[in-house]
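Student: Here it is, the structure, as structure tokens.
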Amino acid sequence: MKLELSFLIKMQKIDDKITELEIVKEKLPKQLEQLVQNVKKTQDLLAAVDKKLEINALQQKTKESEIKANNEIKLKYSHQLEGIKNNKEYKALNSQICNLTDKNALIETDILKFLDEETTLKKQKTEALTLNKKANENLKANEDVLKKEIEKVNKEIDKLKENRLSFAKQVSEPNVKKYIQLIKNKNRKAVVFSHNSACSGCGFHIRPQILIELNNPVKMIYCENCGRILVKSFEE
């Protein structure tokens, strides 16, 4: 029994290392994904600024078209003024020309606002381009490193699993099945030890009789609370 327990302890130590590597393995793809997301965010930001610039240019073009149209009407009215002899009609037409001039002045104010907005947007685009460049450089610099690290961790895990299997072959089938069941259901902790007369897995107080039995186990001993395999210590 002591020999089997020593193999189970070795298996648990391996599973502890696998658990640590699984945590690392889980973090590495997230780091890579974060780098990819950073690139996407800067691309989205750049696209949003480009869209605003496009709308701004369209608004400026529309306002410029309005001024052009008003100027054409003003020119038409100016030609008509030359042939009008009635003072009342002259004043009315001249008033329309003045109204069009006032409208153009307001439109030109709007165009100035759009030009100011365009300047701000172009500055934002420059900043977005800089962020996008940095994000792409960061992804390029770290992508291969992270992928190689993920591959390295996977190989380490595979090697540890091979070692664990070699020890599992030295343990009886029922005890191996029990170990696997505990690993799955007890947060990857199948074998625990006595710590200050308590189970290191759940903290449950161990009865004196069981503490005595742990000194010279002749059978598999389980924690009376969590059901994990209980050993005196992790020193095989």
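Student: Residues in the range 100-115: is at least one more than 30 Å from residue 52 (Cβ to Cβ) and without any contact (Cβ under 8 Å) to a residue 60 or more places away in the chain?
Tutor: Our first condition is that a residue be more than 30 Å from residue 52 (Cβ to Cβ); within the range 100-115, this holds for 100-101.
If we keep only those that are without any contact (Cβ under 8 Å) to a residue 60 or more places away in the chain too, we end up with 100-101.
Taking every residue of the range 100-115 in turn, at least one turns out to be more than 30 Å from residue 52 (Cβ to Cβ) and without any contact (Cβ under 8 Å) to a residue 60 or more places away in the chain.
Student: May I ask you to list the residues in the range 14-51 that are crowded, with 16+ Cβ neighbours inside 10 Å and more than 17 Å from residue 148 (Cβ to Cβ)?
Tutor: Listed by number, the residues that qualify are 14, 15, 18, 38, 39, 42, 45, 46, 49.
Student: Mind telling me which of the residues 206, 180, 229 ends up being open to solvent by 30 Å² or more (accessible area, probe 1.4 Å), at pLDDT 95 or above and among the aliphatic types (A, V, I, L, M)? Can you show your working first?
Tutor: Numbers: 206 fails: open to solvent by 30 Å² or more (accessible area, probe 1.4 Å); 229 fails: open to solvent by 30 Å² or more (accessible area, probe 1.4 Å).
On inspection, the qualifying residue turns out to be 180.
Student: Checking the structure you have, find out if any residue of the range 193-202 is open to solvent by 30 Å² or more (accessible area, probe 1.4 Å) and touching a Gly at 6+ places or on another chain (Cβ under 7 Å).
Tutor: Looking through the range 193-202, none of the residues is open to solvent by 30 Å² or more (accessible area, probe 1.4 Å) and touching a Gly at 6+ places or on another chain (Cβ under 7 Å).
Student: Keeping to the range 161-177, report how many residues are in a helix (DSSP H, G or I) and either open to solvent by 30 Å² or more (accessible area, probe 1.4 Å) or among the hydroxyl-bearing types (Ser, Thr, Tyr) (or both). I'd like the intermediate steps shown before the answer.
Tutor: Here is the first cut: in the range 161-177, the residues in a helix (DSSP H, G or I) are 161-168, 173-177.
Then drop every residue that is not either open to solvent by 30 Å² or more (accessible area, probe 1.4 Å) or among the hydroxyl-bearing types (Ser, Thr, Tyr) (or both), which leaves 161-167, 173-174, 177.
The total comes to 10.
Student: Cβ-Cβ below 6 Å, separation at least six or inter-chain, first residue in the range 144-163 and over 12 Å from residue 29 (Cβ atoms), second in a helix (DSSP H, G or I) and open to solvent by 100 Å² or more (accessible area, probe 1.4 Å): which pairs?
Tutor: 160/17
Every residue, every condition in (1) surrounded by 13 or more Cβ atoms within 10 Å (Cβ to Cβ); (2) within 55 Å of the chain's Cα centre (by Cα), yes or no:
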| position | (1), (2) |
| --- | --- |
| 87 | no, no |
| 105 | no, yes |
| 124 | yes, yes |
| 132 | yes, yes |
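Student: If you don't mind, another one. One residue is enough: does the range 204-221 have a residue meeting the conditions of a type in the set (Phe, Trp, Tyr) and without any contact (Cβ under 8 Å) to a residue 24 or more places away in the chain?
Tutor: To start, the set of residues in the range 204-221 that are of a type in the set (Phe, Trp, Tyr) comprises 204.
Subset that is without any contact (Cβ under 8 Å) to a residue 24 or more places away in the chain: 204.
Yes: the range 204-221 contains one or more residues that are of a type in the set (Phe, Trp, Tyr) and without any contact (Cβ under 8 Å) to a residue 24 or more places away in the chain.
The values are calculated or read from the model by the stated rules, or taken from the named source; none is laboratory data. Source: prediction; values computed, not measured. Virtual Cβ from ideal backbone geometry, glycine too; neighbours counted across all protein chains shown. Surface areas here come from the heavy atoms of the whole protein model, side chains and all, with no ligands, DNA or RNA. Shrake-Rupley method; radii C 1.70, N 1.55, O 1.52, S 1.80 Å.
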